[in-house]
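Engineer: Here's a structure for you.
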Amino acid sequence: MANSERKLVANGVVLTLGDDNQVIPDGAVLIEGNLVKEIGKCADLRARYPDAELIDAKGGTILPGFVCAHHHLYSTFACGISSKPSADFVAVLENLWWKLDRALTLDDVELSALIPVARAIRAGTTTLLDHHASPNAIRGSLDRIGKVVLKSGIRASLCYEVTDRNGQQGTDEGIAESRAWLERAKADTTGRLHGLVGLHAAMTIGDPTLERCVALAKEFDTGLHVHVAEGLADQQDSLAKYGKRVVERLHQAGALGEKTMAVHSIHVDDREIDLLRETKTTVVHNPQSNMNNAVGAARVLDMIERGILVGLGTDGMTSDMREEVRAGLFLRHHEAKDPRVGFVELAQMLLKANPLIASRYFGRTLGELKVGAPADLIVSDHVPFTPIEPGNVLGHVLFGVAAAPVDTTIVDGKVLMQGKELKTLDWREMCERAAKLSPETWRRFAAIE
């Protein structure tokens, strides 16, 4: 009889990633409870742990789950929506996102989270850092998303997007919701919930609100999750109103630091890059969204060369980090007009920087198969059909694992998907619920001027 506390993910090629970066053909990972207990050869572990529940990788690739460093789960109901054509980024915000977020109810918030979380599990993404907005359904919104996180089994860091664009009441409620979530995350015993203080962007935040959010983050010993210079308008607004550039303003307010994520950071100059480096602030690159919004390409290679930790997010475009990393690589090639550029850096954003970001926030080793680390791992259908060794693992992930379906997803030792079947969520049921609810959301969207 199988021991339910022990699972043996076996009969595959194990990629530990991390500093050890081992490649183990005919390998296996033994899970005991919620932790990795042993990593080694399949035959040896099967012989020593015959009672472990066997999860057969069938020759595929066993590797750590992926981390998404910036998501917008609330954007789900934008799929197929009709909005006014927008000639620039501010128009995109005004015509699409700032209408959609105001159209959301708490039920919309829940379903908007369920669908991309399920997609994350299907894509092998086991940890999400989300940035939420629902101005007409603020209070309780993060709790709804948190319940989705716990039900699904993934890990997530959540925040509410504080902004002054919806008036003082909206600002106050956003800060109150942030505080409520930080208290909830602090009391969490699962190890799968975390909180940051969310800000929309400098251009929609006045100094009093910025000061309040910085103080809140310090009170809870956490950081800020903020869009920085995504479009030129952010810099133009900051210079016109405050006589200083965005990063400089955030720095002077005490908003930067090792626990803060400066998302996008496209229209920043050399001095701003230096400030990000000096304060050890993390930058998160979102290439698909940046191309979609035509806002430019961040100088991420320069930032990495200068010692900035640069992670990879999706900005709500997808929950599939394999898709995002390839898009980021191709953007580097296109931007530089040089196919030699960016391969290692983009791969390491996903496989090294993102795990480091998540590990800092959750206080445990994520994104690496290591004895004693949480058992967050996936089985990919990629059966290596060319030689694989530590020196070419990145190529196998970007062009092998990224091109193959994920068969099994495990978080904290719990099987969330096996044989491509979701175990904790009902895909058809959530889609049917969303199909009934979303037409009314769209009607509210269309009625907003």
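Engineer: So, in the stretch 227-247, how many residues would count as being crowded, with 17+ Cβ neighbours inside 10 Å and either among the acidic types (Asp, Glu) or under 26 Å from the mean Cα position of the chain (by Cα) (or both)?
Structural biologist: Taking the stretch 227-247 and keeping what is crowded, with 17+ Cβ neighbours inside 10 Å, we get 227-231, 233-235, 237-238, 245-247.
From what is left, the residues that are either among the acidic types (Asp, Glu) or under 26 Å from the mean Cα position of the chain (by Cα) (or both) are 227-231, 233-235, 237, 246-247.
Adding up the residues that qualify gives 11.
Engineer: Do you know which residues across the stretch 150-168 are in contact (Cβ under 8 Å) with a residue 40 or more places away in the chain, closer than 20 Å to residue 262 by Cβ and of a type in the set (A, V, I, L, M)?
Structural biologist: Residue satisfying the conditions is 162 alone.
Engineer: Give just the number: which of (1) of a type outside the set (Phe, Trp, Tyr); (2) touching a His at 6+ places or on another chain (Cβ under 8 Å); (3) closer than 25 Å to residue 359 by Cα does residue 229 not satisfy?
Structural biologist: (3)
Engineer: Could I ask something else about it? Kindly indicate which of 280, 259 is among the charged types (D, E, K, R), touching a residue at least 60 places away in the same chain (Cβ under 8 Å), within 22 Å of residue 194 (Cβ to Cβ) and not in a helix (DSSP H, G or I). Even if it seems obvious, please write down each step before you answer.
Structural biologist: Values: 280 fails: touching a residue at least 60 places away in the same chain (Cβ under 8 Å).
Being among the charged types (D, E, K, R), touching a residue at least 60 places away in the same chain (Cβ under 8 Å), within 22 Å of residue 194 (Cβ to Cβ) and not in a helix (DSSP H, G or I) holds for just one of 280, 259, which is 259.
Engineer: Right, next: Answer yes or no: is there a residue in the stretch 406-418 that is outside the structural domain of residue 355 (by TED's automatic domain parsing), of a type in the set (Asp, Glu), on the phi > 0 side of the Ramachandran plot and within 25 Å of the chain's Cα centre (by Cα).
Structural biologist: The answer is yes; a qualifying residue exists.
Engineer: Looking at (1) surrounded by fewer than 23 Cβ atoms within 10 Å (Cβ to Cβ); (2) in contact (Cβ under 8 Å) with a residue 24 or more places away in the chain, which is the one condition that is false for residue 391?
Structural biologist: (2)
Engineer: Something else: For the stretch 304-347, how many residues meet the condition of being farther than 27 Å from residue 93 by Cα, in contact with a strand residue (DSSP E or B) (Cβ under 9 Å, 6 or more places away or on another chain) and not β-branched (Val, Ile, Thr)? Quick ask: steps written out before the conclusion?
Structural biologist: If we filter the stretch 304-347 for residues that are farther than 27 Å from residue 93 by Cα, which is where we start, we get 304-309, 333, 336-347.
The next check asks that each one be in contact with a strand residue (DSSP E or B) (Cβ under 9 Å, 6 or more places away or on another chain); those that pass are 304, 308-309, 345-346.
Checking the rest, the ones that are also not β-branched (Val, Ile, Thr) come to 309, 345-346.
Qualifying residue count for the region: 3.
Engineer: Also, I was wondering about something else. Tell me, which residue of the stretch 154-176 that is crowded, with 24+ Cβ neighbours inside 10 Å and out of contact with any Gly (no Cβ under 7 Å at 6 or more places or on another chain) is farthest from residue 425 (Cα to Cα)? Show your work before the answer.
Structural biologist: Taking the stretch 154-176 as the starting set, the residues that turn out to be crowded, with 24+ Cβ neighbours inside 10 Å are 154-162, 174.
Filter once more, keeping what is out of contact with any Gly (no Cβ under 7 Å at 6 or more places or on another chain): 154-156, 174.
Numbers: 154: 11, 155: 15, 156: 16, 174: 29 Å.
Ranking the candidates gives 174 first.
Engineer: Now, a different point. Taking only the stretch 248-281 into account, find how many residues are buried (at least 24 other Cβ atoms within 10 Å of the Cβ) and not aliphatic (A, V, I, L, M).
Structural biologist: Here the count works out to 4.
A quick yes/no check of all residues on (1) more than 26 Å from the chain's Cα centre (by Cα); (2) among the acidic types (Asp, Glu); (3) buried (at least 20 other Cβ atoms within 10 Å of the Cβ):
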position: 12; (1), (2), (3): yes, no, yes
position: 21; (1), (2), (3): no, no, no
position: 24; (1), (2), (3): yes, no, no
position: 29; (1), (2), (3): no, no, yes
position: 44; (1), (2), (3): yes, yes, no
position: 47; (1), (2), (3): yes, no, no
position: 56; (1), (2), (3): yes, yes, no
position: 60; (1), (2), (3): no, no, yes
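Engineer: Can you name the condition, by its number, that residue 445 falls short on among (1) more than 23 Å from residue 114 (Cβ to Cβ); (2) crowded, with 18+ Cβ neighbours inside 10 Å; (3) in contact with a Lys or Arg (Cβ under 9 Å, 6 or more places away or on another chain)?
Structural biologist: Single failed check for residue 445: (1).
Rundown of residues vs (1) in a loop (DSSP other than H, G, I, E, B); (2) among the charged types (D, E, K, R); (3) farther than 28 Å from residue 357 by Cα, yes/no style:
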position	(1), (2), (3)
7	no, yes, no
10	no, no, yes
17	yes, no, no
31	no, no, no
53	no, yes, yes
62	no, no, no
74	no, no, no
90	no, no, yes
97	no, no, no
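Engineer: What single numbered condition from (1) surrounded by fewer than 16 Cβ atoms within 10 Å (Cβ to Cβ); (2) outside the structural domain of residue 321 (by TED's automatic domain parsing); (3) farther than 30 Å from residue 346 by Cα fails to hold for residue 82?
Structural biologist: Going through the list (1) surrounded by fewer than 16 Cβ atoms within 10 Å (Cβ to Cβ); (2) outside the structural domain of residue 321 (by TED's automatic domain parsing); (3) farther than 30 Å from residue 346 by Cα, residue 82 breaks only (2).
Engineer: Answer yes or no as to whether residue 85 is out of contact with any Pro (no Cβ under 8 Å at 6 or more places or on another chain) and either free of Cβ contacts under 8 Å to residues at least 60 places away in the same chain or of a type outside the set (Asp, Glu) (or both). Let's see the steps before the verdict.
Structural biologist: Details: out of contact with any Pro (no Cβ under 8 Å at 6 or more places or on another chain): yes; either free of Cβ contacts under 8 Å to residues at least 60 places away in the same chain or of a type outside the set (Asp, Glu) (or both): yes.
Answer is yes for this residue.
Engineer: Within the stretch 369-383, work out how many residues are part of a loop (DSSP other than H, G, I, E, B) and in contact with a helix residue (DSSP H, G or I) (Cβ under 6 Å, 6 or more places away or on another chain).
Structural biologist: Within the stretch 369-383, the first condition is being part of a loop (DSSP other than H, G, I, E, B), and the residues that meet it are 369-373, 375-376, 381-383.
Within this subset, residues satisfying the condition of being in contact with a helix residue (DSSP H, G or I) (Cβ under 6 Å, 6 or more places away or on another chain) are 382.
Within the stretch 369-383, residues that are part of a loop (DSSP other than H, G, I, E, B) and in contact with a helix residue (DSSP H, G or I) (Cβ under 6 Å, 6 or more places away or on another chain) number 1.
The values are calculated or read from the model by the stated rules, or taken from the named source; none is laboratory data. Given the structure is predicted, the values throughout are model-derived calculations rather than measurements. Every residue, glycine as well, gets a Cβ built from its backbone with ideal geometry; the counts of neighbours run over all protein chains shown.
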